[in-house]
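Enquirer: Have a look at this one.
The values are calculated or read from the model by the stated rules, or taken from the named source; none is laboratory data. Here the structure is a predicted model, which means the values were calculated and not measured. For neighbour counting, all protein chains shown are included, and Cβ atoms are generated from backbone atoms with ideal geometry for every residue, glycine included.
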Amino acid sequence: MADNLQPAFDKLRAAAEGLAEVVEGTSYGTPSLHVRKKFLCRVKDADTVAVMCALEEKEMLMEADPHLYFETAHYKGWPAMLVRVHDIPLDQLRTRLERAWLMQAPKSLVKARQATA
């Protein structure tokens, strides 16, 4: 991994802490996190991460805080948004990753998490 991507990936890792069965991998040649082979998020570049997000939620977030949340043409119509990783507070990034996890994790894992919540 390129050294300049490490701080962004470290922040993703910290935000995903405690989510069941999250594993590290790569996506498009950059570090990423997955739950049971389903994509959660990845480092796009040194300042930006891509995070899975329901389309309706994505639109709302981009409108509410366009500095933090945005998309490029590549992500239009796709349930993922771009996040300025060094500007987003860790607790807010954690919420985004929890939402991505709930969207991507198998139902059995989601039920197990809800049973312990």
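Enquirer: So Arg96 fits all but one of (1) under 21 Å from Gln114 (Cα atoms); (2) basic (Lys, Arg); (3) over 11 Å from the mean Cα position of the chain (by Cα); what number is the exception?
Expert: With respect to (1) under 21 Å from Gln114 (Cα atoms); (2) basic (Lys, Arg); (3) over 11 Å from the mean Cα position of the chain (by Cα), Arg96 is out only on (3).
Enquirer: Next question. Applying the selection to segment 20-69, what residues are assigned to a loop (DSSP other than H, G, I, E, B), more than 12 Å from the chain's Cα centre (by Cα) and closer than 21 Å to Asp91 by Cβ?
Expert: Ala20, Asp47, Asp65, Pro66, His67, Leu68
Residues are listed down the side, and each one gets a yes or a no for (1) of a type in the set (A, V, I, L, M); (2) closer than 16 Å to Met81 by Cα; (3) modelled with pLDDT of 95 or more:
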| residue | (1), (2), (3) |
| --- | --- |
| Ala2 | yes, no, no |
| Ala8 | yes, yes, yes |
| Leu12 | yes, yes, yes |
| Ala15 | yes, no, yes |
| Ser32 | no, yes, yes |
| Lys37 | no, no, no |
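Enquirer: So which pairs qualify, if the first residue must be in segment 1-27 and within 17 Å of Ala46 (Cβ to Cβ) and touching a residue at least 12 places away in the same chain (Cβ under 8 Å), the second must be of a type in the set (Lys, Arg) and assigned to a loop (DSSP other than H, G, I, E, B), the Cβ gap must be under 6 Å, and the two must be at least 6 apart or on different chains?
Expert: Pairs found: none.
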